[in-house]
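Reading through the structure tokens given below for one structure.
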Amino acid sequence: MAKKEEAPNMVERFAEFKELKNIDKTTMISVLEESFRNVLAKMFGTDENLDVIMNPDKGDVQIFQNLQVVPDGEVEDPYRQISLTDARADNDPEVEIGEEHTKEIIFAKFGRRAILNLRQTLQSKILDLQKDALYNKFKDLEGELVSGEVYQTWSKETLLMDVEKNELHLPKNESIPGDFFRKGETVRAVISKVDNTNNNPRIYVSRTNEAFLRRLFELEVPEIHDGLINIRAVARIPGERAKIAVESYDDRIDPVGACVGVKGSRIHGIVRELRNENIDVINYTSNPSLLIQRALSPARVSSIRLDEEEKKAEVFLRPDEVSLAIGKGGLNIKLASMLTGYVIDVYRDTEESFEEDIYLDEFKDEIDSWVIDALKNMGCVTAKSVINTPREQLIEKADLEDSTVDQVLDILRAEFEE
């Protein structure tokens with residue numbers, strides 16, 4: 001009677017795995033069939049002559065063993081052969097020697113040990129499936145924003161749990177200086193790395209990765225999310241300061257203004273998330289001289305000498321601008337180098353050279369704005385920096401006509417002659 005109670009409605013019996021592990025029905029049936037085959041192969045030595053038929057609608061399984069019919073007394077392998085008498089007695093009266101006889105196997109008759117082995121095998125396979133699914137899911141999400149609830153904090157890492165109860169590991173060195181988490185608090189980060197050592201997926205998240213800053217801007221600035229504004233470069237010193245270069249694909253959109261928001265409304269939320277990390281947003285340009293000038297803001301650059309092969313830049317500034325370019329603790333110049341990809345060296349122009357120098361913007365009444373912009377783009381920001389640059393270089397690098405350059409030089413020289 002006990003064995004009859006064990007008679008399997010196997011799909012229902014193991015439905016708990018589907019509910020707990022969120023495995024679809026097709027995969028569940030496939031795993032169940034494979035588990036049966038593994039257990040049967042151990043019992044019979046092989047599963048090659050077995051047919052395992054799953055009936056998901058009925059919720060049961062049928063197992064058939066295909067045996068070769070041999071003369072009575074000549075059965076050598078009872079798992080592959082059957083005697084003629086036994087085959088005819090097993091509801092196959094017309095079978096002959098040499099033919100194949102199909103015999104149904106009632107799995108429950110093998111007892112509780114077989115059922116237990118099946119459960120253990122199935123559980124192991126479903127666990128492996130779950131691990132593979134977890135790894136593949138989060139591997140595809142590397143660099144994406146994720147939220148998790150603080151579950152536990154240790155000296156070297158914080159354990160977060162997402163809404164699906166997946167474990168997210170936030171190492172101490174991937175936390176922003178000043179981060180302090182309370183149990184139950186919701187924390188945002190980006191998925192930085194997914195390991196699968198020994199088929200044991202481990203998901204690491206980061207709040208210092210530059211991708212974290214990118215995703216926060218995408219979240220706060222609809223124009224970035226919609227693709228109207230593109231983040232071209234990011235440089236961060238977590239918890240201290242960051243610079244981000246943006247450009248717009250629509251001339252009607254001011255990318256810097258859109259990122260900052262009215263009275264800083266958009267950027268304030270990001271700054272708070274980053275523990276008051278100061279963020280400079282600048283307009284991106286493909287012109288390296290101009291990009292370096294913008295990256296060194298708020299300092300006003302006088303002139304720049306570029307070595308594009310070595311990716312080095314010599315930047316000349318008024319003495320009172322040098323400290324602004326370098327920044328507190330050297331942060332400004334370090335971030336500018338990170339953002340532009342150039343090694344930046346700052347030099348003081350002598351006081352004498354600035355005694356009578358004038359910024360080009362002061363000549364807008366005499367020189368067209370587009371000409372001034374062209375000169376500034378090549379690194380000439382002051383009148384003397386233009387005068388001291390060879391005429392041929394002004395024509396070539398600023399892409400100006402000979403007559404235009406001569407006219408500009410005449411205007412600037414006349415200013416100093418007076």
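The values are calculated or read from the model by the stated rules, or taken from the named source; none is laboratory data. Fair warning: this is a prediction, and the values are worked out from it, not measured in the lab. A quick note on method: Cβ atoms are made from the backbone with ideal geometry, for glycine too, and the neighbour counts reach across all protein chains shown. The accessibility values were calculated without ligands, DNA or RNA, using every heavy atom of the protein model including side chains. Shrake-Rupley method; radii C 1.70, N 1.55, O 1.52, S 1.80 Å.
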Q. Using the per-residue mean of other Cβ atoms lying within 10 Å as a proxy for protection, in what order, highest first, do the peptides 65-72, 86-93 fall?
A. 65-72, 86-93
Q. Cα-Cα over 24 Å: which of Lys193/Lys328; Lys137/Lys193; Lys131/Lys193; Lys25/Lys131; Lys165/Lys243?
A. Lys193/Lys328; Lys165/Lys243
(Q) Only bridges whose two residues both fall in segment 271-406 count here: according to DSSP, what percent of them are antiparallel, nearest 5? (A) 55
Q | Amide H contacts under 5 Å for Glu185, placed H, 5+ residues apart | A | Val150
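Sort the chain into rounded, prolate or oblate with this rule: let a ≥ b ≥ c be the square roots of the eigenvalues of the Cα gyration tensor; rounded if a/c is under 1.5, and if a/c is not under 1.5, prolate when a/b is larger than b/c, oblate otherwise. Could you put the intermediate results ahead of the total?
Details: a/c = 4.59, a/b = 3.26, b/c = 1.41.
Here the chain falls in the prolate category.
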Q.
Only sites in a loop by DSSP and with at most 11 other Cβ atoms within 10 Å count here; which GluC sites (Glu not before Pro) in segment 92-135 make the cut?
A. Glu94, Glu96
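I need the shape label for segment 288-352. Rule: rounded when a/c is under 1.5, else prolate if a/b > b/c, else oblate, with a, b, c from the alpha carbon gyration tensor. The partial results should precede the final answer.
Working: a/c = 1.88, a/b = 1.23, b/c = 1.52.
It is oblate, given that a/c is not under 1.5 and a/b is not larger than b/c.
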Q) For the chain, what % of the accessible area comes from carbon and sulfur atoms, probe 1.4 Å? A) 44
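Once R0 is set to 22 Å, what does the formula 1/(1 + (r/R0)^6) return for the Cβ-Cβ distance between Lys25 and Lys165, expressed as a FRET efficiency to the nearest 0.05?
Values: r = 22 Å, r/R0 = 1.02.
Calculated transfer efficiency: 0.50.
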Q: Classify segment 226-367 as rounded, prolate or oblate from the Cα gyration tensor: take a ≥ b ≥ c as the square roots of its eigenvalues, call it rounded if a/c is under 1.5, otherwise prolate when a/b beats b/c and oblate if not.
A: prolate
Q: Would you kindly find the accessible area of Met338, with a 1.4 Å probe and non-protein molecules such as ligands, DNA and RNA excluded, rounding to the nearest 10 Å²?
A: 90
Q. Length gain on complete extension for the stretch Lys156 to Gln123, per 0.36 nm per residue less the alpha carbon to alpha carbon distance?
A. 8.6 nm
Q | Part-to-part distance (alpha-carbon centres) for segment 31-76 and segment 243-258, which is given in Å | A | 67
Q | Sum of -39500 (n - 2.57) over DSSP H runs of 4+, divided by residues of the chain (222 nm, nearest 500) | A | -11500 deg cm²/dmol
(Q) Can you tell me what share of the DSSP beta bridges in the chain is antiparallel? A percent to the nearest 5 is fine. (A) 75
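By per-residue mean of other Cβ atoms within 10 Å, what is the highest-first order of 288-295, 311-318? The partial results should precede the final answer.
Working: 288-295: 22.9, 311-318: 19.9.
Top of the packing list down: 288-295, 311-318.
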Q. Got a sec to turn the phi values of segment 223-230 into Karplus ³J(HN,Hα) couplings, 6.51 cos²θ - 1.76 cosθ + 1.60 with θ = phi - 60°, whole Hz, x for Gly and Pro?
A. 5, 6, 4, 7, x, 7, 10, 10
